1. Any idea which residue in the stretch 26-40 is nearest to residue 65 (Cα to Cα), counting only those that are touching a strand residue (DSSP E or B) at 6+ places or on another chain (Cβ under 9 Å) and at pLDDT 90 or above?
2. Checking residue 63 against (1) touching a helix residue (DSSP H, G or I) at 6+ places or on another chain (Cβ under 8 Å); (2) assigned by TED's automatic domain parsing to the domain that holds residue 34, which single condition isn't satisfied?
3. Taking the stretch 8-35 on its own, how many of its residues are part of a helix (DSSP H, G or I) and under 16 Å from residue 47 (Cβ atoms)?
4. Cβ contacts < 9 Å: first residue within 9 Å of residue 92 (Cβ to Cβ), restricted to the stretch 152-173; second residue assigned to a helix (DSSP H, G or I), any location; separation 6+ or different chain. Result?
5. Out of the stretch 111-129, which residues are crowded, with 16+ Cβ neighbours inside 10 Å and touching a helix residue (DSSP H, G or I) at 6+ places or on another chain (Cβ under 7 Å)?
6. Would you tally the residues in the stretch 69-91 being surrounded by 12 or more Cβ atoms within 10 Å (Cβ to Cβ) and in contact with a helix residue (DSSP H, G or I) (Cβ under 9 Å, 6 or more places away or on another chain)?
């Protein structure tokens, strides 16, 4: 099922860019960069049914816009056997050495194997706070980066570890 938003331009927003108007209409949950990608992908129609694919389009009072976002394809995360050197394991978390050349988790449009595929192969219990695409991942390391990565085994540990990162009590070097 598509997610649809019908938005009418009030006088207050007349003359604003389309991406800024939609960002205001959708709120803080969705980034402007994501909205710009949706516009470029042709998910926005003007009131005449014309596809608007430019974020810089200027909106006018009284115009109506339809944002129609198709559903995301299922992630279909599969457990994949891979060597994951465990440096330290405790009841609630573990530290793994992530080699370079492998992503911490898959991103949009990238379904290549990632550390997550190895994690779900080796560990049955992982935090779900990072969402379906990032079980256990408290922080990430870029694909070309080799180093230690902290993995939460449960949501409570994930919350505590994330808070320590926020407070800069855990530092990446």
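The values are calculated or read from the model by the stated rules, or taken from the named source; none is laboratory data. This structure is a prediction, so every number in the text was calculated from the model and none was measured. Every residue, glycine as well, gets a Cβ built from its backbone with ideal geometry; the counts of neighbours run over all protein chains shown.
1. Filtering the stretch 26-40 for residues touching a strand residue (DSSP E or B) at 6+ places or on another chain (Cβ under 9 Å) gives 26, 35, 38-39.
Checking the rest, the ones that are also at pLDDT 90 or above come to 35, 38-39.
Numbers: 35: 13, 38: 13, 39: 11 Å.
Among residues in the stretch 26-40 that are touching a strand residue (DSSP E or B) at 6+ places or on another chain (Cβ under 9 Å) and at pLDDT 90 or above, the one nearest to residue 65 (Cα to Cα) is 39.
2. Answer for residue 63: the failing condition is (1).
3. Narrowing the stretch 8-35 to residues part of a helix (DSSP H, G or I): 11-13, 18-26, 32-35.
Adding the requirement that they be under 16 Å from residue 47 (Cβ atoms) leaves 13, 18, 21-22, 25.
Residues that pass the stated criteria total 5.
4. That search, which allows pairs on different chains as well, returns 152/158; 152/159; 152/160; 152/161; 152/162.
5. Those that are crowded, with 16+ Cβ neighbours inside 10 Å and touching a helix residue (DSSP H, G or I) at 6+ places or on another chain (Cβ under 7 Å): 126, 127, 129.
6. 7
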